[in-house]
Structures are given as structure tokens and as C-alpha cells.
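Participant: Before anything else, here's the structure in question.
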Amino acid sequence: MSDATRTVDSPTVVLVHGAFADASSWNGVIERLQAKGVVVTAPANPLRGIGSDSAYIAGVFEQTPGPVVAVGHSYGGAVISNAAAQAKNVVGLVFVAAFAPEEGEILGEAEAGSKDSVLMSALVPLHYPAGGGGEPAVEFAIDRAKFHDAFAADLPAEQAAVMAATQRPVAELAFSESSGAPAWKDRPSWAVVATGDKAAGADVIRSMAERAGATITEVEGSHVIMVSQPKAVTDVILEAVGSSAPEGTSWSEAIFEVYVAE
């Protein structure tokens with residue numbers, strides 16, 4: 001489906017990256033979605049805290065014409081769920097190895113309860129200037145020596161080393177702020193659970209996806225499943241795109257025509 005044949009009701013897929021990553025982590029997924037004629041955008045997630053990050057991403061959603069299928073990885077899952085509650089054009093949510101918190105839940109506390117995650121022991125505290133001339137604020141990065149094992153164990157060591165060098169630290173507020181009202185309570189949701197996820201923790205991600213009533217697909221791989229298994233992640237996103245369509249719309253039929261023909 002080309003841009004020329006795209007209708008006003010066609011969905012845009014908005015891909016929101018998580019902590020210790022950037023939008024390039026979606027490259028393999030973006031290539032596959034664009035090959036299907038799906039319009040995609042992958043904004044930069046500020047990684048400064050759930051409240052401010054969600055407000056920023058809500059603005060991205062609201063400025064996107066037509067319906068949106070929001071896709072979040074890791075911490076980005078919490079961001080899209082909070083942001084979509086403020087943006088009524090979001091018609092579906094996809095959580096990719098991603099948190100789907102309940103209202104009032106704190107990600108740091110949820111993460112601490114994981115038996116699968118080793119992330120907390122791999123973090124290095126850093127500081128950045130706070131607004132108003134106050135004390136420096138705290139952010140975290142992953143120790144480069146532990147990055148491969150904790151974050152991207154199914155990728156070649158050389159590729160993981162590049163990701164470790166380009167990682168974006170996340171503010172401590174991202175894991176200490178309470179989450180707001182979740183959009184998964186009134187929007188259809190899908191989830192990709194990476195069975196070897198040692199960062200967010202496969203157990204925590206699976207539990208949150210089940211609580212959200214998401215359609216769950218389990219895929220063997222690490223926390224960065226969209227990098228190591230982009231086709232599997234793309235397939236779930238395409239399912240969400242089609243299933244979120246109002247009955248009888250032309251874009252749903254067009255998307256599934258190319259999807260089934262693959």
C-alpha cells in the first residue's frame with residue numbers, strides 16, 4: 001500500500017523506545033513495516049520521568065493524523081500506556097518486552113520483585129543538571145561490561161558493544177514516579193514477551209501483560225527482542241494494526257492482504 005493509496009483512516013504506528021536505547025533500536029521493525037506500506041514514526045523518548053515523558057509522547061500521538069497504534073519497548077510501555085490515556089486517537093497498544101503498569105504502580109518496585117532480572121546489579125549511577133539550579137539529578141546507565149549479558153544476550157558481542165556505547169541513560173524518576181491511569185484498561189492490547197529477558201524480567205513482563213488482558217506472543221530472545229527478532233515483533237504489530245481497525249475500513253483489508261501474502 002503506497003502513500004498515494006493510503007486513506008485518511010489508515011493507522012500510523014508510533015514506536016517508542018525504552019531506557020538505555022534510542023529510536024534506532026526499531027530499525028529492523030521499521031524496514032519491515034514500511035515494506036508493508038505502513039506509515040511509521042519513531043520519536044525520541046526523553047527518558048526523564050514517566051510524567052514528563054508521557055506528556056511529550058501524548059503530544060506526538062495527538063499531532064499524528066488519524067488513528068495510532070502505539071508500540072512501546074521496555075520503559076516505553078509505561079510511557080505509551082500513560083500517554084494514550086491522554087490521546088483519544090490511539091486505537092491499540094503493543095507492549096514489546098515492555099512494562100504495562102497499573103495506576104499508582106512504581107516501576108522500580110515492580111522490577112525489584114523479578115526473579116529473572118539482573119538489571120539492578122548492572123546499573124551505574126550518573127548525574128545531570130537539574131532545572132532551577134538545584135542539586136544535580138540522578139540518572140542510570142548500564143555498566144558496559146555487563147550490557148551484553150543483562151540487556152542483549154542474544155546479539156553478537158560486537159553489536160552489543162556498539163549499543164552499550166550509544167545507550168541513553170534514564171532518569172531515576174522513571175523508576176520512582178507513580179504511574180498514571182493506564183490506557184490498556186480501555187484499549188485493545190498485545191504483548192511480546194521475550195522469554196530470555198534479563199533486563200525487565202520475563203516474569204514481570206508476562207505478569208503485567210496478563211493483567212492487562214493483552215494478546216500475548218512469547219518469543220525466544222533477550223530484552224532487545226525487536227533487534228534480534230524484528231520479524232516476530234513486526235508480525236504482532238501488524239496483527240494489532242489489523243485488529244484495531246473499525247470493521248469495514250479499507251486500510252485493514254489492505255494491510256492484511258500484504259500480510260497474508262508474505
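Participant: Of everything in the range 222-232 that's part of a loop (DSSP other than H, G, I, E, B) and open to solvent by less than 10 Å² (accessible area, probe 1.4 Å), which residue is farthest from H17 (Cα to Cα)?
Facilitator: Step one: list which residues in the range 222-232 are part of a loop (DSSP other than H, G, I, E, B), which gives 222-224, 229.
From the residues that got through so far, the ones that are open to solvent by less than 10 Å² (accessible area, probe 1.4 Å) too are 222-224.
On the way: S222: 15, H223: 12, V224: 10 Å.
That would be S222.
Participant: Regarding P101, is this residue part of a loop (DSSP other than H, G, I, E, B), within 20 Å of G180 (Cα to Cα), modelled with pLDDT of 95 or more and in contact with an Asp or Glu (Cβ under 6 Å, 6 or more places away or on another chain)?
Facilitator: On the way: part of a loop (DSSP other than H, G, I, E, B): yes; within 20 Å of G180 (Cα to Cα): yes; modelled with pLDDT of 95 or more: yes; in contact with an Asp or Glu (Cβ under 6 Å, 6 or more places away or on another chain): no.
It is false that P101 is part of a loop (DSSP other than H, G, I, E, B), within 20 Å of G180 (Cα to Cα), modelled with pLDDT of 95 or more and in contact with an Asp or Glu (Cβ under 6 Å, 6 or more places away or on another chain).
Participant: Turning to a different aspect of this structure: With the requirement that a residue be part of a helix (DSSP H, G or I) and within 19 Å of G108 (Cα to Cα), what does the range 185-221 give you?
Facilitator: First, the residues of the range 185-221 that are part of a helix (DSSP H, G or I): 185, 202-211.
The answer is A202, D203, V204, I205, R206, S207, M208, A209, R211.
Participant: Pairs, please: C-beta under 8 Å, at least 6 apart or cross-chain, first residue small (G, A, S) and open to solvent by less than 70 Å² (accessible area, probe 1.4 Å) and in the range 3-26, second modelled with pLDDT under 95 and assigned to a loop (DSSP other than H, G, I, E, B)?
Facilitator: So the pair list comes out as S10/M1; S10/G66.
Participant: Any chance you could count how many residues in the range 146-170 are open to solvent by 40 Å² or more (accessible area, probe 1.4 Å) and within 19 Å of the chain's Cα centre (by Cα)?
Facilitator: Start the filter on the range 146-170 by keeping residues that are open to solvent by 40 Å² or more (accessible area, probe 1.4 Å), which leaves 146, 148-149, 153-154, 156-159, 161-162, 165-166, 168.
Restricting the remaining residues to those that are within 19 Å of the chain's Cα centre (by Cα) gives 153-154, 166, 168.
The number of residues fulfilling the criteria is 4.
Participant: Suppose we keep only residues that are open to solvent by 20 Å² or more (accessible area, probe 1.4 Å) and in contact with a Pro (Cβ under 7 Å, 6 or more places away or on another chain) within the range 98-109. Which one would you say is nearest to A152 (Cα to Cα)? Before the answer, list the steps.
Facilitator: The initial filter retains those residues of the range 98-109 that are open to solvent by 20 Å² or more (accessible area, probe 1.4 Å), namely 102-106, 109.
Retained after the next criterion (residues that are in contact with a Pro (Cβ under 7 Å, 6 or more places away or on another chain)): 102-103.
On the way: E102: 27, E103: 29 Å.
Step by step, filter the range 98-109, then rank; the result is E102.
Participant: Quick one: in the range 65-97, of everything that is in contact (Cβ under 8 Å) with a residue 40 or more places away in the chain, outside any strand (DSSP E or B) and not small (G, A, S), which residue is surrounded by the fewest Cβ atoms within 10 Å (Cβ to Cβ)?
Facilitator: P65
Participant: Residues that are modelled with pLDDT under 95 and in a loop (DSSP other than H, G, I, E, B): does the range 39-51 have at least one? Spell out the reasoning first.
Facilitator: Keep residues of the range 39-51 that are modelled with pLDDT under 95, which gives none.
No, the range 39-51 has no match at all.
The values are calculated or read from the model by the stated rules, or taken from the named source; none is laboratory data. In this text, all values refer to a predicted model and were calculated from it rather than measured experimentally. All Cβ positions, even for glycine, are placed from backbone atoms using ideal geometry, and neighbour counts span all protein chains on display. Areas reflect the complete protein model, heavy atoms only, side chains present, ligands, DNA and RNA absent. Shrake-Rupley method; radii C 1.70, N 1.55, O 1.52, S 1.80 Å.
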